[in-house]
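The values are calculated or read from the model by the stated rules, or taken from the named source; none is laboratory data. On a predicted model such as this, the values are computed, not experimentally measured, just so you know. So basically every Cβ, Gly included, is an ideal-geometry build from the backbone, and we count neighbours across all protein chains shown. What goes into the accessible areas is simple: the full protein's heavy atoms, side chains included, and nothing from ligands, DNA or RNA. Shrake-Rupley method; radii C 1.70, N 1.55, O 1.52, S 1.80 Å.
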Amino acid sequence: MKANHRISFPAALVATLAVAVAAPVLAKGPAPDPAIKDFQRVVDAAHARYKDLKDGKNADYIPILTETPSDLFGVVIVTRDGKVFSAGDVDYKFSIQSVSKPFTAALVMSQQGPEVLREKIGVEPTGLPFNSKMALELYDARSVNPLVNAGAIASVSLVQASSEEDRWNQVLGNLSAFAGRPLTVLEKVYDSEYTTAFGNRAIANLLYNYERLYSDPEEAMRVYTRQCSVGVSATDLGLMGATLANGGVNPLTGKRVMPAEHVPELLAVMATAGFYDESGVWMYKAGLPAKTGVGGGIVAVVPGRFAIAAFSPRLNEAGNSVRSMKAIQDIAAELGVGVFGPNPD
Ligand code: DON
C-alpha cells in the first residue's frame with residue numbers, strides 16, 4: 001500500500017499538471033479541420049485546371065468592369081480559425097458587388113432580428129435574374145429576398161441610421177468587421193455604376209411606391225451602390241465566409257460580428273437565393289450556401305468549418321463567375337463537404 005501511495009501520488013500530480021498545462025492550449029481555438037492536409041492540394045488543382053479557361057465575359061452594364069483584366073483568377077480556402085490556403089490572384093482588389101448583400105442582411109438581422117428581415121423584405125427565391133423588375137410585380141413581398149437587387153436595396157434602407165452618413169458608416173463598418181480589416185470604396189467603380197444605375201433606381205422607386213423601402217429611395221441607392229463598390233480580394237471574401245463558418249466571430253480579430261443564432265438563417269437564404277435563377281443548379285452541383293457578385297467574386301461556406309472563395313471576372317449569362325463556380329464546385333466535391341452529404345463517386 002505504502003509503495004502504491006508513493007507511486008500514485010506523483011502520478012496524480014503529473015495528471016493534474018498535464019491538465020493545467022494543456023488547458024490554455026485547448027482554449028486557443030477549435031481543433032484543426034479534419035481535411036486540412038488536403039486544402040492546399042485541392043486549391044492548387046482547381047486553379048491549375050481552370051486557369052486557361054476563357055468562357056464567359058466581364059460584366060459590361062457597369063462600364064468600368066470591362067476594364068478588369070479578364071485573366072485574373074484566384075482561389076482560396078480560409079478555415080474557421082483563420083488559416084489561409086491559396087493559389088493565383090488572391091490579393092487583387094475588385095468590387096465586392098452582390099457578395100456584399102448577405103453581410104448587410106446580417107446587419108439588419110443583428111439590429112432587428114430575423115423576423116423583421118422575413119416580413120419586411122422576404123426570404124423566398126425569385127427564380128428570376130438579380131435585377132428583375134418583374135419580380136416586384138409578381139410577388140406580394142415585392143423585394144422577395146435580401147440577395148436580389150430589390151431586397152438588397154431594401155436591406156440598406158432597413159439599417160437603423162440617423163443620417164445617410166451614419167447608414168454608410170454602419171454598412172462599411174459591418175463589411176470591414178466581417179473581413180477583419182478596414183475596407184474602402186473603389187471610387188471609379190462607384191461613379192461608373194451610380195451614373196448608369198437607372199434600373200436599380202427604378203427598383204428603389206417601385207419599392208418605395210409599394211411601401212417596401214424604408215428610407216429615402218435615392219439615399220438607399222447611393223449607400224447600396226457604394227456598398228457594391230467596396231474593394232475586396234478573394235482572401236477578404238474567404239475571411240468574410242470564414243466568419244460565417246465560425247458562427248459569426250471573425251477568426252483574425254476575434255470580434256463577434258453577428259449573433260451565432262442567426263448564422264443558419266442567413267446561410268439558408270444564401271443556399272436558396274445566392275445564385276438567383278441559377279440557385280437550384282448551384283445547390284445541385286456544389287451543395288453549399290454561397291453568394292456571387294458581378295465583379296467576379298464568389299464565397300461559399302462549409303458551415304462550422306471553412307469558406308471557399310474565388311475571383312475571376314468572366315461571367316455566364318446569369319451574372320455568375322464561370323471559373324469561380326467551377327473551382328468551388330470541384331473543391332467541394334473533392335473534399336466531400338456539400339451539406340447534403342458527399343457524392344458517393
Ligand atoms: O446592383 C447591381 O446590379 C450590382 N451592383 C450588383 C449585382 C451583382 O453583383 C449580381 N451578382 N451576380
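Assorted remarks:
- Among the candidates Gly82, Gly88, residue that is at pLDDT 95 or above, open to solvent by 40 Å² or more (accessible area, probe 1.4 Å) and at positive phi: Gly88
- Filter result for Lys101 (open to solvent by 50 Å² or more (accessible area, probe 1.4 Å) and within 13 Å of the ligand (Cβ to nearest atom)): no
- Scan of the stretch 217-240 for residues that are in contact (Cβ under 8 Å) with a residue 24 or more places away in the chain and acidic (Asp, Glu), ordered by number: Glu219, Asp236
- Inside the stretch 61-77, residues that are part of a loop (DSSP other than H, G, I, E, B) and more than 12 Å from the ligand (Cβ to nearest atom) make up a count of 6.
- Condition check for Ala332: open to solvent by less than 10 Å² (accessible area, probe 1.4 Å), more than 14 Å from Trp282 (Cα to Cα) and of a type in the set (A, V, I, L, M): no
- Matching entry among Ile308, Ile298 (being over 23 Å from Thr225 (Cα atoms) and either within 14 Å of the ligand (Cβ to nearest atom) or assigned to a strand (DSSP E or B) (or both)): Ile308
- Evaluation of Asn316 against the conditions (1) more than 20 Å from Ala45 (Cα to Cα); (2) away from the ligand (no atom under 13 Å from the Cβ) shows that the sole unmet condition is (2).
- Against the test of being surrounded by fewer than 24 Cβ atoms within 10 Å (Cβ to Cβ) and part of a loop (DSSP other than H, G, I, E, B), the options Pro251, Pro313, Pro264 yield a single qualifying residue, Pro251.
- Members of the stretch 195-214 that are within 16 Å of the ligand (Cβ to nearest atom) and not in a loop (DSSP other than H, G, I, E, B): Phe198, Gly199, Asn200, Arg201, Ala202, Ile203, Ala204, Asn205, Leu206, Leu207
- The residue pairs whose first member lies in the stretch 31-44 and is closer than 19 Å to Gly74 by Cβ, whose second member is in a helix (DSSP H, G or I) and open to solvent by 70 Å² or more (accessible area, probe 1.4 Å), and whose beta carbons are closer than 6 Å, counting only pairs six or more residues apart or on different chains, are Val42/Glu334.
- Extreme residue, farthest from the chain's Cα centre (by Cα), among residues of the stretch 163-213 that are farther than 19 Å from Val99 by Cα and hydroxyl-bearing (Ser, Thr, Tyr): Tyr210
- Check on Pro289, within 13 Å of the chain's Cα centre (by Cα), within 16 Å of the ligand (Cβ to nearest atom) and without any contact (Cβ under 8 Å) to a residue 60 or more places away in the chain: yes
- Of the residues in the stretch 133-155, not one is part of a helix (DSSP H, G or I) and touching a strand residue (DSSP E or B) at 6+ places or on another chain (Cβ under 6 Å).
- Of all residues in the stretch 104-126 being away from the ligand (no atom under 16 Å from the Cβ) and not in a helix (DSSP H, G or I), the one that is most open to solvent (accessible area, probe 1.4 Å): Glu124
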